[in-house]
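All of the numbers you see were taken from the coordinates with simple rules; none came from a lab. Just so we're clear, the structure is a prediction, and the values are computed from it rather than from any experiment. With ideal geometry, Cβ positions are generated from the backbone for all residues, glycine too; neighbour counts draw on all protein chains shown.
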């Protein structure tokens, strides 16, 4: 599967955030999420394991009550069913999220 990011539509992913589905297959899903400054990815949990990579900008990341400042080049692993959320600290802050199993709710 090849995916051209420039041809991938964005979908609303909460107030001040948009998501692009960049790839899925087997047991994986990869998505890019772009946030405006101050946008919040509310605390939530899901069955999926997740790795978040900060492509651009800065985030306050809350992983089950452990709050850290993450910036471009940083990453975090989120185990299955663990509460997590983010707040974007800059405009155009971008996360690259990889999930297993697939996030069937994204398509």
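Total residues in the stretch 27-55 satisfying the condition of being outside any strand (DSSP E or B) and farther than 19 Å from residue 77 by Cβ: the figure is 4. Does the stretch 82-90 contain at least one residue that is touching a residue at least 40 places away in the same chain (Cβ under 8 Å) and under 21 Å from residue 9 (Cα atoms)? No, because not a single residue in the stretch 82-90 is touching a residue at least 40 places away in the same chain (Cβ under 8 Å) and under 21 Å from residue 9 (Cα atoms). Within the bounds of the stretch 17-26, is there any residue that is in contact with a strand residue (DSSP E or B) (Cβ under 7 Å, 6 or more places away or on another chain) and assigned to a loop (DSSP other than H, G, I, E, B)? Checked against the condition, which is being in contact with a strand residue (DSSP E or B) (Cβ under 7 Å, 6 or more places away or on another chain) and assigned to a loop (DSSP other than H, G, I, E, B), the stretch 17-26 yields no hits at all.
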